[in-house]
1. Subtract the Cα-Cα distance of Ala111 and Asn128 from 0.36 nm times their separation in residues, and report this length gain in nm to one decimal.
2. Neighbouring Cβ atoms within 10 Å as the yardstick, rank Glu133, Glu272 fewest first.
3. Set Lys and Arg Cβ to +1 and Asp and Glu Cβ to -1, take the dipole of region 250-363 about its Cα centre, and tell me which of Met336, Gly269, Val308 lies farthest positive.
4. Taking a 31 Å limit on the Cα-Cα distance, which of the listed pairs Lys80/Lys270; Lys110/Lys164; Lys192/Lys293; Lys109/Lys218; Lys173/Lys218; Lys82/Lys109 fall beyond it?
5. Roughly how big is region 208-308's charge dipole about its Cα centre, with Cβ charges of +1 (Lys, Arg) and -1 (Asp, Glu), in debye to the nearest 20?
6. Which residues among region 252-274 fall inside the zone where the amide N is under 16 Å from a point 7 Å beyond the Cα of Lys293, along Cα→Cβ?
7. Could you list Thr331, Thr339, Thr243, Thr104 so that the one with the fewest beta carbons within 10 Å of its beta carbon is first and the one with the most is last?
8. May I ask which residue of Pro155, Val116, Leu141 lies farthest towards the positive end of the charge dipole of region 104-226, with charges of +1 (Lys, Arg) and -1 (Asp, Glu) on Cβ and the Cα centre as origin?
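Values quoted throughout were computed directly from the atomic coordinates according to the rules given, and no laboratory measurement underlies them. On a predicted model such as this, the values are computed, not experimentally measured, just so you know. So basically every Cβ, Gly included, is an ideal-geometry build from the backbone, and we count neighbours across all protein chains shown.
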Amino acid sequence: ALVGSQYSPSAFVWPRVAPGAAAGSYAAIAMCEAASRGAGEGGGGGGGGEGGSGGGEAIIISGKKVSEEIRDEIRVQTDKLKREHGVTPGLAVVLVGNRTDSATYVRAKKAMAESVGFLSVDCAFDENASQQEVLDCVHALNEDPRVHAILVQLPLPAHIDEHKIVSAVRVDKDVDGFSTDNIGNLALRGGKPPLAVPCTPAGCVELLQRSGIDVRGKEAVVLGRSNIVGMPVALLLQSMDATVTVCHSRTRNIQEHIARADVVIAALGKAEFVRGEWLKPGCVVIDVGINSKPDPTAKRGYRLVGDVHYESAARVAGWITPVPGGVGPMTIVMLMRNTLNLCRHSLGLERLPLRRAPTHKGR
Ligand SMILES: Nc1nc(=O)c2c([nH]1)NC[C@@H]1CN(c3ccc(C(=O)N[C@@H](CCC(=O)O)C(=O)O)cc3)C=[N+]21
């Protein structure tokens, strides 16, 4: 869902507006897809509040599995595009510096791009590259006809003005949807859909949809207000008719907010911050956090944990995403979806009507 088009709302984005859905809002987007799939198993279409089993184990929403389904859909559509239009979608990734986490993500993105048949273009700079060098690179990619999508891996080194670089990316190649124009369109009700919706937020919403979870009228609590996750995911949920509260480092009584949430989106960057005891029984937990935690029993000496304490949360929640294997893989596949759609946009084509995957079954 969630990939806006400048021209006619496509099946991909604003698919089949469900009766009663706020037409034209983003919400419409998402929920229509969910609606068109039927209000899934697992959730009984319930969304937060009455899901899962009281006091049992939460349904595990596998981002790994869902992302593989979507990847396969994208691969099929990419082949079709190549056959029918002779064009290969091109994704350029700009990486500055040598953070190991960034290098890992960029490798994963490149691998997935190649696996779905995209052209992958790399632009790597060392730590002390000048702002001008990086800008020149972005400008060159803006003009490169092989490249339909440009991703500037964040964070950039401190001496580089992130906003300046991100703003230099042409709006119709802004695959992260981070430009002022794309974020503005995401925020406007009844405006034109953005060309791309930020990948992690789109991945969170896609997981909800494919799990048959309807957020309309539900209380959604977003933990974190970052430009790349908290803020855009709050906009998306609001467009989906959820009642959204954004909590951040200055929020008082954060547990009180979490306690009434039907949907919790945890994106604050603190390992295992949210405890199961804080949650409303049956709620939906989408854990965006990726933190490494020392673990002497692990091969590498550490393991990845989310912003939610998984074990306690899984006992209370109705649905939960694991870390790893939850939102992370979805982020990458949404990047592929955005790339394909920007490529289609450049050809004057509509968003793709992706084959609807069957509603995801937990476990
Ligand atoms: N311009 C920009 N766009 C981004 O989308 C962007 C970014 N900058 N900067 C950093 C964050 C982080 N991010 C992740 C992508 C994949 C996984 C992922 O696949 N995680 C695996 C585990 C990976 C591992 O083993 O470390 C998982 O959760 O299962 C995680 C995080 C994209 N980001």
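1. So the extension gain works out to 3.5 nm.
2. Glu133, Glu272
3. Farthest towards the positive pole: Met336.
4. The pairs that break the limit, which is 31 Å between Cα atoms, are Lys80/Lys270; Lys192/Lys293; Lys109/Lys218; Lys173/Lys218.
5. Approximately 300 debye in magnitude.
6. Of the residues in region 252-274, 266-274 have backbone N under 16 Å from the label point off Lys293.
7. Listing Thr331, Thr339, Thr243, Thr104 from fewest to most nearby Cβ atoms yields Thr104, Thr243, Thr331, Thr339.
8. Working it through, the farthest residue towards the positive pole turns out to be Val116.
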